[in-house]
Ligand code: AMP
C-alpha cells in the first residue's frame, strides 16, 4: 500500500474512484455538492505532484447503458467550478474514445469517465434476466458476467499507472472499481484523503477513545442496529438508545406502546442488550417520555406521555421534553461521542425537535472539548438540517460502509488497498 502524501505522481496517470453519487434536480443540477467538494483535495494533490487524473464514479442505479438521467456529464460544470479547472468528459467508460483520451492525457489534465453502473460488470449483478429464470440460468448469467467483468476491470486499469480509492461510501461493496481493480496496481494503490480521513476518524473513536465514551443510536428498528449495538457494548461507557427502537425495549419490559413501531420478535434481543449492559457496567439510557401522534404528518395531534404508557391509536414519534433534558445531560458528560440515527421522525418538522436537541447537545459537548463523530445517512441529514455540521468534530460520508466498518467487517474497498 502506498501513501498519497509521499507518492511521486510525476508523469503518472492516476485513476481515482470517487463518490460522485450526488442528488440532482429535474434539470440535472447538483443539489448537494458535498461529495464533489470532499474529493477535491485528492485530485489537487495528484495534479500538484505533476500527474494527471482520471475520475470514475457511479451515479444512481441505472438499469441500462446510456440512460441520460444518470449521465455524469450533468455534473461536469459542478466539478469544474469546485476544482477551478477544466474537466474532459470521456463519455462511455469502455469505448475507444476513453482509451484514446486516457493515453493522451498530459500532466495537469483531468478527465471524467461516464457512469460505471451503465455496465452490469461494475456491480457484477446480472441484468435483464427473465422473471421465471431457473436457478441454472441465473448461475449461467452470473458466470458469464464474472468473465466479462474481468475484461471490464482490465480495461479500466489499462487507462492508468496508479489507482486511488477515495469513495468511502461504496467501500463496503466488492465492485469492479471499488475493490477488484486494485489487483492491477500491486505497487501503486492507495487511499485518497476522503478515505484516509474517514478511517482515521472511525479508528480514533473505536480504538482510542477518551472516556467517557457515549454512543447515541437512533433509527427505526432494533433488528437493523443490533450488530452495531452489540459491538459498541465492547467499547462504550454509555449507550443512549432512541428512535423507533425505544418501543421494542419498552414493550419487552412490559410497557404499553400503542401503535408505535415495535418488533415483537426482537424482545429477547432487547432484553439481552439490557442484561449485557448490566453485566459490563455500561449505562443504557432509554427515553423516559415520548411525543406521541395520532398520525404521521404536520397536522397530527400530539401529546407527551411516559414512553411505556402510550394509548392505543397513538404512536411514539419523538422523544419528549424530559428525555431531551436527560439525553443532553448524558451527552454533556462525554469526552467521545458517536451518533448514528435520529431519535424521532425528524423528516417531519413537528417530530424533529428531539433530534434537534440531540444535535445541539452533541455540538455543545464538542464546543466543550469532546470529540464527536456523526455518521449514517439520516443523522448526517439531521445535522445538516439544523445547520450544525461544522459544530461537530467529524461528519462521516458513509452510511452502510460506516456501520459495517464499525461492526468490525473488513470492507472490500479497504482490504483491497491494505492487503498485498
Ligand atoms: P435508520 O435507517 O434505521 O437509521 O432509521 C432512520 C429512520 O428512522 C428515519 O427515517 C426516522 O424517521 C425513523 N424513525 C426515527 N424514530 C422513529 C419512530 N419513533 N417511529 C418511526 N420511525 C422512526
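What follows is calculated from the coordinates using simple rules that are stated; it is not laboratory data. Small disclaimer: the values here were computed from a predicted structure and weren't measured. Here the Cβ is made from the backbone with ideal geometry for all residues, glycine too, and neighbour counts use every protein chain on show.
Of note:
- Here region 13-192 yields Rg over Rh of 0.97, to two decimals, using C-alpha coordinates and the Kirkwood radius.
- Ranked by the mean number of other Cβ atoms within 10 Å of their residues, highest first, the peptides 322-335, 57-70, 349-362 come out as 349-362, 322-335, 57-70.
- Multiplying the residue separation of residue 332 and residue 296 by 0.36 nm and removing their Cα-Cα distance gives an extension gain of 9.8 nm.
- Prolate/oblate/rounded call for region 209-406, Cα gyration tensor, a/c under 1.5 rounded: oblate
- Only beta bridges with both residues in the chain are counted; by DSSP, about 20 percent of them are antiparallel.
- The listed peptides 396-405, 167-176, 30-39, ordered by packing as a protection proxy, come out as 167-176, 396-405, 30-39 (highest mean of other Cβ atoms within 10 Å first).
- Bins of 10 Å, starting at 0 and running to the largest distance - Cα pair percent for the chain: 5, 20, 26, 22, 18, 8, 1
- Anisotropy class of region 226-336 from Cα gyration tensor, a/c 1.5 cut: oblate
- Ordered by the number of other Cβ atoms lying within 10 Å of each residue's own Cβ, fewest first, 339, 314 fall into the sequence 314, 339.
- From helices alone, the chain scores -11500 deg cm²/dmol at 222 nm; the rule is -39500 (n - 2.57) for each run of n ≥ 4 DSSP H residues, then divide by the residue total.
- Euclidean distance of C-alpha centroids, region 1-53 and region 92-121, integer Å: 14 Å
- Contact order, relative form, for region 209-406: 21 percent (alpha carbon pairs under 8 Å, 6 or more residues apart, mean separation divided by residue count).
- Percent of beta bridges antiparallel (DSSP, region 263-420, rounded to nearest 5): 60 percent
- Relative contact order (percent, whole number), the chain, Cα cutoff 8 Å, 6+ residue spacing: 15 percent
- Contact order relative to length of region 13-192, as percent, for alpha carbon pairs under 8 angstrom and 6 or more apart: 27 percent
- Region 302-415: Rg to Rh, with Rh as the Kirkwood radius over Cα pairs: 1.02
- Cβ crowding within 10 Å averaged over residues, with 189-195, 246-252, 378-384 ranked highest first: 246-252, 189-195, 378-384
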